[in-house]
Amino acid sequence: MKRTIIKIDEDLCNGCGSCIVGCHEGALQLIDNKARLISELFCDGLGACIGDCPEGAIILEEREAEAYSEVETLKRIVLTGDNTVVAHLNHLKEHGEDGYLNEALNYLKENNINTNFKNNKTMETKGSQCGCPGSAMQDLRETEVQSENTNTGNVPSQLRQWPVQMHLISPNAPYFRNADVLIAADCVAFALGNTHAELMKGKSIGIACPKLDSDMEVYVEKITAMIDDAKINTLTVAIMEVPCCGGLLRIAQSAVENATRKVPIKAITVGINGSIIDERWV
């Protein structure tokens, strides 16, 4: 059947991932550093992701495509929590898709899934009525760092960018160019009390969990791109002392092996007690 569906210009796409959060149906993923439509079934053709793309890489076109299913889409969205369900329902309401909205509400009622949709106003965000700016690229390097307040114990942030999760970052972002980069396991910041001053200062970062994250081959590709394309200076990998965390260091080493440029890697191991127990160049 012919219907309206999105089309992504891969030449324009910079892999920033902003469109992915804007797609409440979960139809988009970052694969090989490009936004991809993973299933036509889950694209409703309303184009909420278009306004989230800073490069103008997404358009709508009419073509032969698998029919959109509101029920199948909602089955996936329900698994991600009430906030995403409400955002999806508002998304349908804003675009006048009363048929899909009624299908969704009937499905929720039949399966005893309660939301606060009727009591919620449209979830608006700056610059876009659909989607969330949570993954929008932000360069924080020029942001003034506040001095430490010794009376209250406030510690200044050393974060130079947003986002930070490895699946969301773009290796081509300006803050990775010629930068010193830190790739850290998720738990490091919670174990090491002085993470910002000891590890993050002056570095662009990516965070990941080698035990729980999926599709980690993408991490190898992104770090390789940082080395070859962004031409980073150094790579620091911070992991916890637990055995499963060593996978993050192996990912970084694989990326260095795949890259045409060579950069030094510093491995830092943090103990569960919050101390740095090992620091060495590998």
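The values are calculated or read from the model by the stated rules, or taken from the named source; none is laboratory data. Since the model is a prediction, treat every value here as computed from it, not as a measurement. Every residue, glycine as well, gets a Cβ built from its backbone with ideal geometry; the counts of neighbours run over all protein chains shown.
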Considering only the stretch 202-216, I want to know if a residue exists there that is part of a helix (DSSP H, G or I) and either over 22 Å from Leu159 (Cβ atoms) or in contact with a strand residue (DSSP E or B) (Cβ under 6 Å, 6 or more places away or on another chain) (or both). no
In the stretch 218-265, residue surrounded by the most Cβ atoms within 10 Å (Cβ to Cβ) [restricted to those that are within 18 Å of His167 (Cβ to Cβ) and among the polar types (S, T, N, Q)]: Thr224
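How many of the residues making up the stretch 55-69 are part of a strand (DSSP E or B) and modelled with pLDDT of 80 or more? Please lay out each step first, then the result.
First, pick out the residues of the stretch 55-69 that are part of a strand (DSSP E or B): 58-64.
From what is left, the residues that are modelled with pLDDT of 80 or more are 58-62.
Residues in the stretch 55-69 being part of a strand (DSSP E or B) and modelled with pLDDT of 80 or more: 5 in total.
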Scan the stretch 109-121 and tell me whether some residue there is buried (at least 17 other Cβ atoms within 10 Å of the Cβ) and at pLDDT 80 or above. no
Do we have Arg36 as among the basic types (Lys, Arg) and touching a residue at least 40 places away in the same chain (Cβ under 8 Å) here? no
Go through the stretch 193-217 and give me each residue that's more than 23 Å from Ile277 (Cβ to Cβ), surrounded by 13 or more Cβ atoms within 10 Å (Cβ to Cβ) and of a type in the set (Asp, Glu). Asp213
Being modelled with pLDDT of 80 or more and among the aliphatic types (A, V, I, L, M) is the filter; apply it to the stretch 28-45 and report the residue that is surrounded by the fewest Cβ atoms within 10 Å (Cβ to Cβ). Leu37
